[in-house]
Amino acid sequence: MIIDCHGHYTVLPKAHDEWREAQKAAFKAGTECPPYPEISDDEIRETIESNQLRLIKERGADMTIFSPRASAMAPHVGDQSVAVKWAQVCNDLIARVVGLYPDVFAGVCMLPQSPEADMTSSIAELKRCVDMGFIGCNLNPDPGGGHFKHPPLTDEYWFPFYEAMCELDVPAMIHVSGSCNPAMHATGAYYIAADTIAFMQLLEGDLFSKFPNLRFIIPHGGGAVPYHWGRYRGLADMLKKPDLSGHLMNNVFFDTCVYHQPGINLLADVIENKNILFGSEMVGAVRGIDPTTGHYFDDTKRYVDALDISDAERAAIFAGNARRVFPRLDAQLKEKGL
């Protein structure tokens, strides 16, 4: 079985995107937001079957862990009420996709992390989504959209949310949204920077002694971390932290959203197999064909297929590790005899 741990609903029904623009305009004008539109199952099927579902079948995966479009989460837009409603309608749309294709998609939710708010609404939305069958969440370490004004992930500000995650036994993918900082290109700079910053925040703290069952996936191959693994091991030593294998790597995982073979080779050489989850993020940040290979950059399965590892190690990357990190998914699959 092949489970893609990193998928977003990136091509959506037009009415959904149009409503979002109306919601933003209403907030700006100080008027009432129009009601959310009726979207038919056929409209959802058209967007999914022409995009993610088609590519899943073409590229040989079986299931995608699916969440709202990351670049559009934008919790910094509007206020808390805007963020809450936007998260609800986006997550409800994911729930409908999962309901239409329960053997192919598993839901992960976005959170209404308005920058001026605490995590109360996010906890409520996480619980609502888990009640709908979701298996995890995307946690934004920088809800302000590129200015990094929030406290580090090890700060007590986040603890109530971590307590909810542990109670519900769900992991979080650390994932920022679109950048409102013109100095940071969203997918080429901001995403990779945020991944790297999150890892360093965790290294500096002692979070997992407080929350030993907390689990984070740092996407996009872990940002710059695997490439600079010696730097982070050295920093842990300088900061009098335990070896990274015990300090972080029982709780932190990286995906394979690295879009060339040398990058995947490095990831697999540096990071233990148990900490790597297969992911593609398609259809997402990089959608073109690599002229040096003739294949799509985000067709990441072929990179894992080409790794010089055992069949057991490959099976762990493709599915076993995801089932361990997402126990609710594992339970759902076992109910289906998988």
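What the table shows:
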| item | result |
| --- | --- |
| Of all residues making up the range 174-199, the number that are under 17 Å from Lys149 (Cβ atoms), open to solvent by 20 Å² or more (accessible area, probe 1.4 Å) and modelled with pLDDT of 95 or more | 2 |
| Subset of the range 146-163 (residues that are crowded, with 20+ Cβ neighbours inside 10 Å and on the phi > 0 side of the Ramachandran plot) | Gly146 |
| Filter pass, Ser280 being among the polar types (S, T, N, Q) and part of a loop (DSSP other than H, G, I, E, B) | yes |
| Some residue of the range 251-258 being more than 15 Å from the chain's Cα centre (by Cα) and surrounded by fewer than 23 Cβ atoms within 10 Å (Cβ to Cβ) | yes |
| Yes/no for Ala268 being modelled with pLDDT of 95 or more, over 26 Å from Leu202 (Cβ atoms) and part of a helix (DSSP H, G or I) | no |
| Which numbered condition Ala25 misses (of (1) part of a helix (DSSP H, G or I); (2) among the aliphatic types (A, V, I, L, M); (3) under 21 Å from Arg96 (Cβ atoms); (4) open to solvent by 30 Å² or more (accessible area, probe 1.4 Å)) | (3) |
| Residue match in the range 283-293 (condition: modelled with pLDDT under 95, within 26 Å of Gln201 (Cα to Cα) and either out of contact with any Gly (no Cβ under 7 Å at 6 or more places or on another chain) or among the basic types (Lys, Arg) (or both)) | yes |
| Cβ-Cβ under 6 Å pairs, at least 6 apart or on other chains, the range 317-331 side more than 15 Å from Phe105 (Cα to Cα), far side in a helix (DSSP H, G or I) and open to solvent by less than 10 Å² (accessible area, probe 1.4 Å) | Ile317/Val304 |
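The values are calculated or read from the model by the stated rules, or taken from the named source; none is laboratory data. Keep in mind that this is a model prediction, so the values were computed, not measured. As a convention, Cβ positions derive from the backbone with ideal geometry for all residues, glycine included, and neighbour counts pool all protein chains shown. Areas reflect the complete protein model, heavy atoms only, side chains present, ligands, DNA and RNA absent. Shrake-Rupley method; radii C 1.70, N 1.55, O 1.52, S 1.80 Å.
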